[in-house]
Structures are given as structure tokens and as C-alpha cells.
Amino acid sequence: MKKSRYFTLKELCRSRTALRKGIDNFPSFEVVSHLEELVAKLLEPLREAWGSPIAVTSGYRSSSLNRAVGGVRDSPHMKGYAADLVPLEKDAEALFAFAVEFLSSGGIPFDQILLETRGETSWVHLSLRSSSGAQRREHKKITVQYPDLREKNPLSV
Ligand SMILES: [Zn+2]
């Protein structure tokens, strides 16, 4: 992956669920190039402006991993176009508000900024493009259900 000051390919492909369940989550060259674009256009500028550490809790997901974590069927994570982020020194809500302001006012193309909450945990889902290539520049707050409760109604992006 091209040099990034703050993010590594390893952390963008790392998954505790994949390790635990023995799921292959090795990215293709195409996925790596999408992750590079995601980092260069969104993650790096956002991290630089934010000014303190941001952890990636989910980046690339192979289709088996996406199923295992309960992701929506056409999740942009499967193309390397999305990352779930958690700031280490402030809460996710603050990062969400900051990202909306920073990316919207900067006129930067992106698909979605979501504040996702599951139980007590929240994170920011940031995507460069939808799985169909759209850049809707939309932001909203959503509640995600636990994977085993939502077989019939997947909500996690
Ligand atoms: Zn996500």
C-alpha cells in the first residue's frame, strides 16, 4: 500500500472475527487499490484535521467475513471502500459531527458518514463509494442490531 502516515493495510484488513472463525480476509489487488483511495481521499485528511488517534475497527471484509459480522449484502466494506472508525480520545459522536462538518464543508466527495450504534457501542462508518459506485454525500445516525438477531432484517453497513 502507498505510504500513509496514520493507517496501514494490515489494520484495514484485520478482523478479530476472521481470526476467530478462520475466515480468509486477504485483499485482492483491486481491493488494495480501493483501500488506498479511501485512505488518500478520506481517512488521511480526516485524521490529519481531527488531530488525535483514530482506530479502524473494520475495513475490508471478504464476503464470508461480511456475512459473519452481519453486514448488509451490498456493503461497500467488501470492495475496500469503507472503514469503521473509533476515536481513542473522544467519543464516536464527536468524530461523527466533526467528519460531517469537515467533509461536507470541504466539498469532498464521499458516499456516507454514519454514526452506527449497537448496544452501548458506537462507531463512525465512512465510505468513499457505495457498492454501485455512488457518492451520495449523505450522513445519518443508525442503530444496528446484533448479527444473530437480524437474520431477516440486516441493517449493519
Ligand atoms: Zn461500516
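Scanning the stretch 24-74 for residues that are within 16 Å of the ligand (Cβ to nearest atom) and either of a type in the set (Gly, Ala, Ser) or touching an Asp or Glu at 6+ places or on another chain (Cβ under 6 Å) (or both) yields a total of 10. For the stretch 1-29, a residue qualifies if it is assigned to a helix (DSSP H, G or I), touching a Gly at 6+ places or on another chain (Cβ under 8 Å) and of a type outside the set (A, V, I, L, M, F, W, C), and exactly one does: 11. Within the stretch 6-23, residues that are loosely packed, with under 15 Cβ neighbours inside 10 Å have Cβ atoms under 8 Å from residues that are in a helix (DSSP H, G or I) in these pairs: 21/68, counting only partners at least 6 apart in sequence or on another chain. Starting from the stretch 43-71, take each residue that is of a type in the set (Lys, Arg) and list its partners that are more than 10 Å from the ligand (Cβ to nearest atom) and in a helix (DSSP H, G or I), counting only C-beta distances under 6 angstrom and pairs at least six apart or across chains. Short answer, once both residue conditions are applied: 61/78. For the stretch 40-139, no strands (runs of 3 or more DSSP E) sit wholly inside it while including 2 or more residues that are of a type in the set (A, V, I, L, M) and modelled with pLDDT under 95. The sole residue among 77, 125, 139 that is farther than 19 Å from residue 28 by Cα, within 13 Å of the ligand (Cβ to nearest atom) and crowded, with 18+ Cβ neighbours inside 10 Å is 125.
On inspection, residue 35 passes the criterion of being surrounded by 19 or more Cβ atoms within 10 Å (Cβ to Cβ) and either charged (D, E, K, R) or in a helix (DSSP H, G or I) (or both). Just one of the numbered conditions (1) within 21 Å of residue 14 (Cβ to Cβ); (2) at pLDDT 95 or above is not true of residue 144: (2).
The values are calculated or read from the model by the stated rules, or taken from the named source; none is laboratory data. Because the structure is a prediction, the values reported are computed rather than measured. Because the Cβ atoms are built from the backbone with ideal geometry, glycine has one as well, and the counts that use them run over all protein chains shown.
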